[in-house]
Amino acid sequence: MQKLLLAAAMMLLGNHVSAQQDTVQHEREDEIEEIILRSTRSSRTIANTPTRVETINLEEIDEKSNMRPSNVAMILHESTGIAVQQTSATSANASIRIQGLDGRYTQILKDGFPSFGNFANGLSVLEIPPLDLKQVEIIKGPSSTLYGAGAIAGVINFVSRTPKEEQDLNILLNAANTGLYNLGVFSSQRDKRVGYTFLALYNSQKEYDIDKDDFTELPNSKELTIHPKVFFYLPGEANLIVGNAFTTGNRLGGDMEFIKGNRSAEHSYFERNKTFRNTATLEFSKPFSETSRIEFKSAYSLFNRTIEVSDYAFKGLNQNYYSDLSWSKTLPNQTIILGGNYVTDHFKDRLNSTETDLSFSVNTGGAYIQHTWDVSDVVKFENGVRADLVKYGNDLYTESESF
């Protein structure tokens, strides 16, 4: 009798533990499914968004970062419809193509800021370290209403981690037999009024010839990234975020003998990329109620780039200013986003050649409105209108167009 009672008690305990495990598992599944999107600016979950958006979560980012901690190329490689295309066989530069369109039609964002555009496209994906990322959002298809003409193919938004009360400290040390070394640190913490995040990453790659043809598959490169951000938590649930991202890099690929210093007529081919980028950002958001919010973003970026090959040289300085002000309203079954932005691009050709001066400037002012209507759980409409006024030109001519 005692054995039967003991067996029954064990069965009840086992069922109770199993039920608890099932409950925890369902809770974890619910937590995983609850993904809030930032790229759509509507604070909707991924399951309730008519826009075609895919997300890469923190667990997958960490896994891919361990495989290639220097940049985000590995994170995007396995996403369908996206190709990380190498644009240089010697310096390993790359661009991102969505659904077959050229890389210049892909808008690359970091926390909603288009800091990696213009003529920097071919090098941008290699300058984004994954150590501070918590989520990657990918919009496949036109997103021109919110982001302008640069988002014809789609949008890739790299979302950084935000500080929590418990300190988050990650230290990265990595070495590979190809001559790759990575040293990085990410730290974050906050209290009731102030928080911070800090990222520093140094990458060093020695020239590497895999197939022994005397040309580099991996260039000699050195890259440094420093990115601090300060978060101010103001009264009325308002947030102010100030940050500054500094990146510098030097890549040299080509003939192995040339890179080693044995330069001659037979060993004269090389490709060198030198980059310097500094981007200062400011972000402010304030809710007026549970259903309406205003957001302001502003960024100023300096990008200096030098490209040298055997018989060609390019030197340019690009200055970019970006600002965006938007207001969003959430109704029981509708969402309205209304806003405008202003973007200036000034490129200066630093070779000082009057015959082939490539200097130009572009000033763009735009206004937009986007409306999402949830007709039912399975039928949703999303529509938007955008108007842009563009003024562009150089010392010889100036043109204005509206779109």
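Which pairs in the list 222/348; 64/134; 192/286; 64/110; 64/229; 140/380 are over 21 Å apart, alpha-carbon to alpha-carbon?
Checking Cα-Cα distances, 222/348; 64/229 exceed 21 Å.
If each of residue 379 and residue 315 carries a label point 7 Å out from its Cα toward its Cβ, how far apart are those two points in nm?
Calculated label separation equals 6.3 nm.
Quick one: grab the alpha carbon gyration tensor of the stretch 297-403, order the square roots of its eigenvalues as a ≥ b ≥ c, and give me rounded if a/c is under 1.5, else prolate or oblate depending on whether a/b is larger than b/c.
Prolate, because a/c is 1.5 or more and a/b exceeds b/c.
How much of the accessible area of the stretch 182-300, in percent, comes from carbon and sulfur atoms when a 1.4 Å probe is used?
59
Calculate, for residue 392 and residue 246, the FRET efficiency according to 1/(1 + (r/R0)^6) with r their C-beta to C-beta distance and R0 30 Å; round to the nearest 0.05.
It comes out at approximately 0.55.
Give me the accessible area per residue for the stretch 269-396, probe 1.4 Å, as a whole number in Å².
About 56 Å² of surface per residue is accessible.
Show me 56-62, 267-273 ranked by packing, highest mean number of other Cβ atoms within 10 Å first.
Per-residue mean Cβ counts within 10 Å order the peptides as 267-273, 56-62.
Under 1.5 on a/c is rounded, so check that first for the stretch 211-257, then, if it is not, pick prolate when a/b is larger than b/c and oblate when it is not; a ≥ b ≥ c are the square roots of the alpha carbon gyration tensor eigenvalues. Don't skip to the answer; put the middle values down first.
On the way: a/c = 8.91, a/b = 5.02, b/c = 1.78.
Prolate.
Place a +1 charge on the Cβ of each Lys and Arg in the stretch 144-299 and a -1 charge on the Cβ of each Asp and Glu, then give the dipole magnitude about the Cα centre in debye, rounded to the nearest 20. Mind showing how you got there, number by number?
On the way: 18 positive and 19 negative charges, 151 e Å.
So the dipole magnitude of the stretch 144-299 works out to roughly 720 debye.
Can you tell me the FRET efficiency between residue 325 and residue 66 if r is taken as the Cβ-Cβ distance and R0 is 41 Å, rounded to the nearest 0.05?
After rounding, the FRET efficiency stands at 0.55.
By the gyration tensor of its Cα atoms, with a ≥ b ≥ c the square roots of the eigenvalues, what is the shape of the stretch 224-312: rounded for a/c under 1.5, prolate for a/b over b/c, or oblate?
Here the stretch 224-312 falls in the prolate category.
The values are calculated or read from the model by the stated rules, or taken from the named source; none is laboratory data. What you see is a predicted model, and the numbers here were worked out from it, not measured in a lab. Ideal geometry is used to build each Cβ from the backbone, glycine not excepted, and the neighbour counts take in all protein chains shown. Note: accessible area is taken over every heavy atom of the protein model, side chains too, but ligands, DNA and RNA are not part of it. Shrake-Rupley method; radii C 1.70, N 1.55, O 1.52, S 1.80 Å.
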